[in-house]
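One structure is given here, and the rest of the page talks about it.
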2 protein chains.
Amino acid sequence: MSVLKKIEAKLEIMAPGDREIGQYIVDNPDQMLRLSTAALAAEIGRSQSSVVKFSQKLGYGSYQELKLAVSEAKSQEWQVPAGMIHGSIEVGDSYLVILRKLIGSKLLSMQQTVAANNEQDIGKALEMLNRARRIHLAGVGASSLVARDFSYKLMKLGRNVLHDSDSHVQMANVSTLGPDDVLFALSYSGASIETLRIAELARKRGTTVVAVTGLHDNPLSRVADIRLHTIADEERARSSSITARDAQLTLTDLLFILLVQKQPDANEYVHNSEVAVSVLKADRSS
Amino acid sequence: MSVLKKIEAKLEIMAPGDREIGQYIVDNPDQMLRLSTAALAAEIGRSQSSVVKFSQKLGYGSYQELKLAVSEAKSQEWQVPAGMIHGSIEVGDSYLVILRKLIGSKLLSMQQTVAANNEQDIGKALEMLNRARRIHLAGVGASSLVARDFSYKLMKLGRNVLHDSDSHVQMANVSTLGPDDVLFALSYSGASIETLRIAELARKRGTTVVAVTGLHDNPLSRVADIRLHTIADEERARSSSITARDAQLTLTDLLFILLVQKQPDANEYVHNSEVAVSVLKADRSS
DNA sequence: TCACAGCCGGAATAATTTATTCCTTTGCTT
DNA sequence: AAGCAAAGGAATAAATTATTCCGGCTGTGA
């Protein structure tokens, strides 16, 4: 995960002094890279030692390491191709501007989402999904659509998958899960009460819980065994539900592809399922 | 020009000592970033001061600045200009390569999709959707998920929308449509027999049919009044269903945003619907 | 061949930056 | 109210970086 995101996420739970430092870094990563601890401290009116301690609390061995991480993070964000705009979409915008902004913010959320999850966590989730006897997918509203999309893909690989858009049915299904199963729960806010209850129940039954939520602290994430994250354009109200969904899809697509890589006979499964569907399509007589 | 290139170019005309330092940096930029002047000097058996002087000779005020430049240069190499790799995903690919290819092909399909539809056609579709008494969304399989996603968004705007994932129910619904209504039909192949039949029936009843299909000639497109197109990465079998869905979503998202632009009270509707949902979320007692 | 100017490069040292220690304050718990 | 833990700053230690100084080597011109 990018340091800047990490700092931003932790900002709320930091001590006031650390928050000021973190805020400054998030707001001015460029300046920060050129400042010494003392200079940075002076900039925001705190002591030099606080800056050093801040770096250490974040898990970096030294201030220099923090700088390196910031520099790397900054470069990752720059990957948006030139011409992309990710401002919010305004009423007066022309067709072309809207197009660019839409694609720009979609791209941004996809990139930030893959950056927000490190390979280890993805790997753990993958391992769980791969070994699971059954996979239950939980999610309501828009997340339910993502869950269903993912369930179709998993079925193509011959996995045992459960999902229903009705949360009561989901709850009933969960009550049949056991320790060999996995619950994959999606909720951007991490606060959807139905999904949360389902995750809690699964946890109680010894089922491994993989949660896909936003980066902020949230109840669903707290009950999970494995935490994955999606990043959406929260500020831009008008596109937020779009990018939150895109972020979830990016993550589930990634998991699907990685599963395919792991499964030697995946192509055969996928191929067979596609043949089966195309038989349906070709059947013009029905 | 990137520092590394610059160093490489000057390597020949440098004094032997400087050349050694430069070579090391070019060869191991990653290590260099974590080494102090003294450590770097020790690594190649030279004096610490030589390293400092090396930085200065290159025009950087300090060793730290050189480090920053190297870090930046390294990150630039990462972002393959225009950014992405569009190759298909292979079994041996590393995690990072998969990430890039996935996002690359998603981006490509989004860009090609918006390019494949001219503003006039989009405008006509928009006009139809805007005026429609009722909007029926048709689609099966993965397209049904896109249809449902779109239906949620339209409902947020207070529109009259019909969609059911069961094609028989869709068919039944269509038989209640009239000339003031619009059928919005999604099918990448344009050959899904259920969706096609639904479109034909709608046509017969005088309902305007908007079809969203691939660019190839196809039956669904032929019966439609307004044709919109999605472009997916067909060659790449493994990601085709992913990009086809992304393309459809890009198009429906675009239509949604344009509808919002047209509807003066849209924000209020969207806001109200979001408030309603958040009330559900906050209700921890259920 | 013999100054001598120029530079390369290292040792020593100065200056700066970073890390640690220690101590006071503050707010919370018991 | 006493005890405790965390926050945060001052002082100081440790490290890193920058500068100075000096010996040695090389090419040049008398």
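Tabulated results
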read-out: So A:K156, is it touching a strand residue (DSSP E or B) at 6+ places or on another chain (Cβ under 7 Å) and open to solvent by 40 Å² or more (accessible area, probe 1.4 Å); value: no
read-out: Counted residues, the range B:50-75 - those being open to solvent by less than 50 Å² (accessible area, probe 1.4 Å) and within 11 Å of DNA strand D (Cβ to nearest atom); value: 10
read-out: The range B:24-67, residues that are more than 37 Å from the chain's Cα centre (by Cα) and closer than 15 Å to B:S2 by Cα; value: B:S55, B:L58, B:G59, B:Y60
read-out: Residues located in the range A:18-62, provided they are within 14 Å of DNA strand C (Cβ to nearest atom), of a type in the set (K, R) and in a helix (DSSP H, G or I); value: A:R34, A:K53, A:K57
read-out: Residue list for the range B:1-27, restricted to those being loosely packed, with under 15 Cβ neighbours inside 10 Å and within 16 Å of DNA strand D (Cβ to nearest atom); value: B:I13, B:A15, B:P16
read-out: B:E65 being of a type in the set (D, E), within 16 Å of DNA strand C (Cβ to nearest atom) and either outside any helix (DSSP H, G or I) or modelled with pLDDT of 80 or more (or both); value: yes
read-out: Evaluation of B:S221 against (1) of a type in the set (S, T, Y); (2) in contact with a Gly (Cβ under 7 Å, 6 or more places away or on another chain); (3) at pLDDT below 85 (one fails), failing number; value: (3)
read-out: Close pairs from the range A:37-50: first away from every other protein chain (no Cβ under 14 Å), partner near DNA strand C (Cβ under 9 Å from one of its atoms) and outside any helix (DSSP H, G or I), Cβ under 7 Å, at least 6 apart; value: A:A41/A:S47; A:E43/A:L35
read-out: Residue among A:A232, A:A211 that is modelled with pLDDT of 90 or more, in contact with a Phe, Trp or Tyr (Cβ under 9 Å, 6 or more places away or on another chain), under 30 Å from B:T252 (Cα atoms) and surrounded by 18 or more Cβ atoms within 10 Å (Cβ to Cβ); value: A:A211
read-out: Conditions (1) under 26 Å from the mean Cα position of the chain (by Cα); (2) buried (at least 24 other Cβ atoms within 10 Å of the Cβ); number of the one not met by B:A202; value: (1)
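Residue-by-condition table, conditions (1) of a type in the set (F, W, Y); (2) under 30 Å from B:V260 (Cα atoms); (3) touching a Leu at 6+ places or on another chain (Cβ under 8 Å):
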{"site": "A:K153", "(1), (2), (3)": "no, no, no"}
{"site": "A:A185", "(1), (2), (3)": "no, no, yes"}
{"site": "A:R197", "(1), (2), (3)": "no, no, no"}
{"site": "A:T213", "(1), (2), (3)": "no, yes, yes"}
{"site": "A:D217", "(1), (2), (3)": "no, no, no"}
{"site": "A:V223", "(1), (2), (3)": "no, no, yes"}
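The values are calculated or read from the model by the stated rules, or taken from the named source; none is laboratory data. Bear in mind the structure is a predicted one, so any value in this text is a computation, not a measurement. We place every Cβ from the backbone using ideal geometry, glycine too, and count neighbours over all the protein chains shown. When the accessible area is computed, the model is the full protein with side chains, heavy atoms only, and any ligands, DNA or RNA have been set aside. Shrake-Rupley method; radii C 1.70, N 1.55, O 1.52, S 1.80 Å.
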